[in-house]
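The values are calculated or read from the model by the stated rules, or taken from the named source; none is laboratory data. Since we're looking at a predicted model, the values are computed, not measured. No Cβ is skipped: glycine too gets one built from the backbone with ideal geometry, and neighbour counts run over all protein chains shown. Each accessible area value is taken on the protein alone, full model and side chains, heavy atoms only, with ligands, DNA and RNA left out. Shrake-Rupley method; radii C 1.70, N 1.55, O 1.52, S 1.80 Å.
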Amino acid sequence: MTPPSHDWSHGAAGGEPGPELLAAYLDGELEGRDDLAALRARLEDWIACHPEVRDEIQRQRRLRRLWEQTAPEEPTAAQWRAALSSILSLASAGRARAPEAPFAETKGKAYVQTLGLVAACLACVVLLSATFLSSPTQPWSVPSALDFYLPEDDPFPVARSQEVEVLQVAGADTGSLPIGRLPVQGELELVGHDDVAFSESNARVIFGVNSPMAWERLRDNEP
Amino acid sequence: MLLVLLAFSGLVATRPAPARCPEDKVKVTLVVILATEQGNFVDKRLRKVAEEIQKIHPSLKSFHLKKMTDHSLTPGEKSVFPLVDAQKASIVVKHGADKSNKVCLAVTPPGQDEIVYSTVCGKFLPIVTKYETKNQERLILAVMVQPCKE
């Protein structure tokens with residue numbers, strides 16, 4: 001199965017988070033994860049600028065709270081034992097009745113069928129309760145989107161470069177950041193003469209050989 | 001989970017573009033450079049900057065990259081960039097990419113008047129300021145903006 005990616009570029013219209021990432025965010029899978037803090041912050045900024053998505057997230061959260069509040073309690077072991085005992089004893093009593101009266105036989109069969117139906121309904125309730133309330137924090141039994149991305153045997157997952165944006169760094173420290181997009185990658189490319197136009201400037205503009213620059217003279221020997 | 005995915009798929013596909021949000025911002029990159037007349041060290045990232053400046057003022061021999069900073073600004077928003085020695089520069093994006101695909105900026109170096117210019121994206125404009133540190137290092141700024149229209 002192709003792992004669902006939470007790379008931003010896999011979103012529907014480029015520059016948008018994909019549905020899997022939004023679902024993971026709704027499920028709280030980005031919470032409490034320092035390695036995903038930058039991704040979570042970026043996603044929250046994007047959500048803040050998209051009111052429809054924000055409203056949908058709130059509606060989904062309200063639905064989840066309602067589901068959790070109205071889910072029936074799981075029967076206790078004692079209740080299960082009592083129900084089973086009752087069923088077995090009634091089933092035994094039905095088999096022990098004299099079969100000569102057709103009416104009585106029909107009535108006995110109806111008892112067994114009814115009890116069987118009740119037992120089946122109880123079993124369904126128990127199964128649904130166990131499925132949806134298996135964990136207070138993860139009501140859904142399907143794997144989370146991030147389970148596909150993060151290998152279980154990697155206790156310290158490393159962020160990818162596109163997940164980290166370095167906003168400020170000293171020039172001497174850039175070598176200590178093997179991951180992350182720096183403000184400047186590689187050599188600085190300068191504007192050409194046709195690339196820039198000055199206006200309302202009191203600074204002297206010097207047109208160098210290949211590149212113009214603004215230059216405030218400090219000493220007399222400067223141009 | 002499946003229902004949630006379906007809900008969000010439809011929402012992402014059909015939502016209209018919002019007005020003032022990260023898509024409207026301009027990322028301004030400021031590089032702080034210190035140049036001196038001593039030594040002979042040129043940071044390899046500053047090779048072209050050093051070449052251009054030395055053609056005009058050959059006495060500046062060494063160029064060190066002190067700091068690089070990114071700020072994302074909406075048009076009209078002013079941002080203050082810390083430099084060295086508690087000096088600051090302020091930058092205002094006057095407007096994003098226009099018809100000629102140029103962004104207009106106003107840069108105010110320390111102790112100087114505002115410099116207003118329009119520039120293409122992805123390339124740096126050197127600004128040689130008149131500020132010098134106590135070690136006689138000349139403060140040079142290099143400013144770049146992104147993005148422009150494709």
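Buried between A and B is an accessible area of approximately 5500 Å², summed over both sides with a 1.4 Å probe. Peptides A:64-71, A:188-195 ranked from most to least packed by the mean count of surrounding Cβ atoms within 10 Å: A:188-195, A:64-71. Karplus-based coupling profile of the range B:43-53, in residue order and whole Hz: 3, 4, 6, 10, 4, 5, 4, 4, 4, 5, 5, with θ = phi - 60° in 6.51 cos²θ - 1.76 cosθ + 1.60 and x standing for Gly or Pro. B:ILE56 exposes around 40 Å² of accessible area when a 1.4 Å probe is run over every protein chain in place. Taking amide H as placed 1.01 Å from N in the peptide plane, A:GLU165 has its amide H under 5 Å from the amide H of A:ARG181, each at least 5 places away in sequence or on another chain. Counting only Cβ charges, +1 for Lys and Arg and -1 for Asp and Glu, the dipole size of the range B:82-124 around its Cα centre is about 240 debye. Rounded to the nearest 20, the Cβ-based charge dipole of the range B:75-150 about its Cα centre (Lys and Arg +1, Asp and Glu -1) stands at 140 debye.
Our coupling estimate for the range A:40-49, obtained by passing each phi through the Karplus curve with A = 6.51, B = -1.76, C = 1.60 and θ = phi - 60°, is 5, 4, 5, 5, 5, 4, 5, 4, 4, 8 Hz, Gly and Pro reported as x.
Per residue, the range B:101-150 exposes 36 Å² of accessible surface when a 1.4 Å probe is rolled over the protein heavy atoms with every protein chain present. Of the residues A:ARG81, A:ARG204, ranked by 1.4 Å probe accessible area with the largest first, the sequence reads A:ARG81, A:ARG204. Measuring heavy-atom accessible area with a 1.4 angstrom probe and counting protein chains only, the residues of the range B:99-126 that give up at least 50 Å² relative to the chain alone are B:ILE115, B:VAL116, B:LYS123, B:PHE124, B:LEU125, B:PRO126. Residues whose amide H lies under 5 Å from that of B:GLU77, counting only those 5 or more places away or on a different chain, are B:VAL93; hydrogens are built 1.01 Å from N in the peptide plane.
Given a 1.4 Å probe and every protein chain left where it sits, what share in percent of the accessible area of the range B:61-150 is carbon and sulfur? For the range B:61-150, the apolar C and S fraction of the accessible surface comes to 47 percent. Shielding by partners for peptide A:206-212, expressed as the average number of C-beta atoms from other protein chains within 10 Å of each residue's C-beta, is 5.
Starting from the Cα of B:SER90, step 7 Å along the direction of its Cβ; do the same at A:ARG81; then give the gap between the two resulting points in nm. Rounded to a tenth, the inter-label distance reads 7.9 nm.
If you bin all the Cα-Cα distances of the range A:153-200 at 10 Å, starting from zero, the percentages per bin are 19, 34, 24, 16, 4, 2, 0. Taking amide H positions as modeled 1.01 Å from N, with prolines and chain starts lacking one, the residues under 5 Å from A:GLU189 and 5 or more places away or on another chain are B:PHE124.
Name the chymotrypsin sites (Phe, Trp or Tyr not before Pro) in the range B:91-150 that are in a loop by DSSP and that have at most 12 other C-beta atoms within 10 Å, would you?
On the way: sites: B:TYR117, B:PHE124, B:TYR131; in loops: none.
Hits after loop and neighbour filter: nothing returned.
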